[in-house]
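Everything on this sheet refers to the single structure shown next.
The values are calculated or read from the model by the stated rules, or taken from the named source; none is laboratory data. Small disclaimer: the values here were computed from a predicted structure and weren't measured. A quick note on method: Cβ atoms are made from the backbone with ideal geometry, for glycine too, and the neighbour counts reach across all protein chains shown.
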Amino acid sequence: MLIEYPLPGSSYRADVVLAGVHPVTGAANYVVVEHKQWSEAQLAWNSDRIVRSRQLRGDHMHPVDQVRGYCNYLRQSMVLLHDRPEAIHGVAYLYNATRQSVSALFARVQDDLGRMFTGDQYDEFIAYLRSQFAPAPGAAAADLIIASEIRHRKTLSVRFAVDDPWMVAERSLPDSLKLAYESVMNRIRLVSTSTHKSVILVTGGPGSGRSLIAVSLLAELYRAGRRVRYASGSSAVIETMRKFRCAQSPELRKLFTYYKQYAAVEPNALDVLICDEAHGIRRTSANRFSQRGYTTERPQIDELMTAARVPIFLLDEHEIVRPDQVGTVDLIMDHAARSGFPVFHIKLDGQFRVGGSAAFDEWVLRLLGIRAGGPTVWTGDDFEVRVARSPQEMEDFLRIKHNQGETARMAAGYCWPWSDTRDDGSLVSDIVIGDWSKPWNKRDNRITGSAPPATLWATDPRGFEQIGCVYTVQGFEFDWAGVIIGPDIAIDSQHLTVTREFNVDPGLKGSKENPILDEDFEALVRNVYKVLLTRGMRGVVIYAVDSETQDFLTGLVGPGRSMRIRETDTSKSAWAPQGSRVQKALVSLSENIPDFGQAFLCHSSGDKAAVRDLYQKLLREGFRPWLDVEELIPGQDWEYEIRQAIESSDVVVVCLSESSITKTGFVQKEISIALDAAERRPEGEIYLIPTRLEPCSIPRRLSRWHRVDLFDSDGYGRLTEAIRRAARGR
């Protein structure tokens, strides 16, 4: 039995994966089990996939669809299941519910990948499991799935380059993305039955699944005969979609459009307009490529919002990289309010890129000063962060990955000139660092020479031989990303600071009529590097031309993760070392990182979403929280590891809710272990902290300890202060 089994390449986990031997075939067999503590639930109006309950906050995915999504995701990700997709099955077990109390949920079609049992169907549930597993040891089957090679998802464009150009991943979306997808579809259905218009806003960081939802919606709505279009401001994204998804179909090519094409479209000409990468929306559609004499003061957001009955905007505000890009949440909200349109906002919090690493995204934001707190030491997870000692070292490492069939690209800050393609199609090696040099990707789309056109650099394998920039890399993802940090951002007093003079991007120069303020310029440069650093799904390799910054990054990532393959003479670099301030910064940084000790988070499975949020919040602020779903790996002895973690922790935070105080099983076992440990602690020492997630009674055996209420405005601050005091008293 594999508990809290992580879905590879994402931040999602299945509650349980049972492994064993099929009673008929004798082959390895698996059942994914999703536990729900709901005692009652109903379907949302006009949907058979969205579930609501008095016990639940907000909307939830139907448990059958949730577990079915897990199964499909594992089928696509694990080589073990590529040739034996029939070996995996899915079950949702609502152990507190009866068939009558959730009767509406049984209307959902069930199959081998998704079926449902309630508490009063326990005997049927056991009979089903016996039909899937012989009475034989399942350790060998568990070893197979644990050791299976993981074939990660390809980029959106490549992933759809198959015989069926409309093969959509909606069926294999994990639950939160399925919920977002279904919520959008439900809103579209509601609008279609009324005379009202509605705006949908979807926000999420790198790898959260925005574009996956966008293309899934496009395919489903097109199949249903709706008037739908996909739009973006990126020529690389649009031309790649057109090439890989509909090269042989002019009709399908028309589905992929540019924002500027909606300047003269009649109001509500479309049912749905899907605006992906909406942070790239411009102030107006007029630009230097517009027809002579064409000017307009009409905001581009108004053109897009007017064009369809349901305009959908998907964006990440931290990916605005040009001064004329204005796509923000406030812009969309304000314009919709002035127009009288309601806005339906969906926030994506999962991870499908950056190796499922929310920690890395947070690390990048703090490194670049986009989020408060300053740079932190990378403590590591499944996502690999490496610092190369030279650009050649970076290239060598990524070339190995590239030659092994994985996707890899190198990109850089815009700190070198960018020459036009020569007449013979060859490229100038503009990026020179010591004795290493490389050309940028092509500036044009001519089919000449050995390099791919600019718009196809990210998806053509030949693109590995050139260096990309933010304009050709944005909107794409690779297994491995290489990033050259130019001298336009460098370490100074423990923080990365922007130096304007080293950036040569014409788009960031401004003009007398429209100057770019220093603070705006700095924000754009930080966003550029944020985009570059978050393109990898499995790992990133970083090199900084400024030696002080290079040493600082090596100090943050750690010597165990720095690379030593081959050194390159960088004495010819135009940017010389800037003294020894980096050593002082690193020493100061390490001295100023407080050790708040380890805090064990004791919780019931029903509260895991809230406790995961608490875990991430504590982690971001420098604490060392211990959470079973984050720390344990499949196959470990659960009780032994829990006991060891509790014994070694400085404090135990017992998370309480109405459901947890009546729950039996693991949570009560953890509390018992913690109580035993508390008895061995010195009297008066802070060790056990009852923490209420919602108003509920305190179990008698915990009542002697002063509690914290996280739902109070000062609750989180009181909890962190208690943890700090416990650490100081060690």
**Prompt:** Is there a residue in the range 671-692 that is polar (S, T, N, Q), part of a helix (DSSP H, G or I), assigned by TED's automatic domain parsing to the domain that holds HIS603 and at pLDDT below 80?
**Reply:** no
**Request:** Evaluate the following for GLN132: is it out of contact with any strand residue (DSSP E or B) (no Cβ under 7 Å at 6 or more places or on another chain) and closer than 20 Å to TYR30 by Cα?
**Result:** no
**Request:** Check whether at least one residue in the range 391-399 is among the charged types (D, E, K, R), surrounded by fewer than 18 Cβ atoms within 10 Å (Cβ to Cβ) and modelled with pLDDT of 95 or more, and report yes or no.
**Result:** yes
**Message:** Pull out all pairs, ordered by first then second residue, where Cβ-Cβ is under 9 Å, the residues are six or more apart or on different chains, the first lies in the range 70-89 and is part of a loop (DSSP other than H, G, I, E, B), and the second is of a type in the set (D, E, K, R) and surrounded by fewer than 21 Cβ atoms within 10 Å (Cβ to Cβ).
**Reply:** none
**Request:** Could you please let me know if ALA278 is closer than 23 Å to GLN325 by Cβ, surrounded by 24 or more Cβ atoms within 10 Å (Cβ to Cβ), modelled with pLDDT of 90 or more and of a type in the set (A, V, I, L, M, F, W, C)?
**Result:** yes
**Message:** Any residue at all in the range 153-175 that's modelled with pLDDT of 90 or more and either more than 27 Å from HIS82 (Cβ to Cβ) or assigned to a loop (DSSP other than H, G, I, E, B) (or both)?
**Reply:** no
**Prompt:** Hey, among PHE106, PHE125, PHE117, PHE133, which residue is modelled with pLDDT of 90 or more, exposed (fewer than 15 other Cβ atoms within 10 Å of the Cβ), more than 21 Å from LEU177 (Cα to Cα) and among the aromatic types (Phe, Trp, Tyr)?
**Reply:** PHE106
**Message:** For the structure I just gave you, tell me whether GLY606 is touching a helix residue (DSSP H, G or I) at 6+ places or on another chain (Cβ under 8 Å), closer than 29 Å to VAL654 by Cα and either modelled with pLDDT of 50 or more or surrounded by 16 or more Cβ atoms within 10 Å (Cβ to Cβ) (or both).
**Reply:** yes
**Message:** Here is a list: ASN46, ASN72, ASN29. Which entry is modelled with pLDDT under 90 and buried (at least 20 other Cβ atoms within 10 Å of the Cβ)?
**Reply:** ASN72
**Asked** On the given criteria, is GLY425 under 20 Å from THR459 (Cα atoms), at pLDDT below 95, assigned to a loop (DSSP other than H, G, I, E, B) and touching a Lys or Arg at 6+ places or on another chain (Cβ under 8 Å)?
**Response** yes
**Message:** Quick check on the range 664-705: of everything there that is among the small types (Gly, Ala, Ser) and farther than 18 Å from SER605 by Cβ, which residue is surrounded by the most Cβ atoms within 10 Å (Cβ to Cβ)?
**Reply:** ALA677
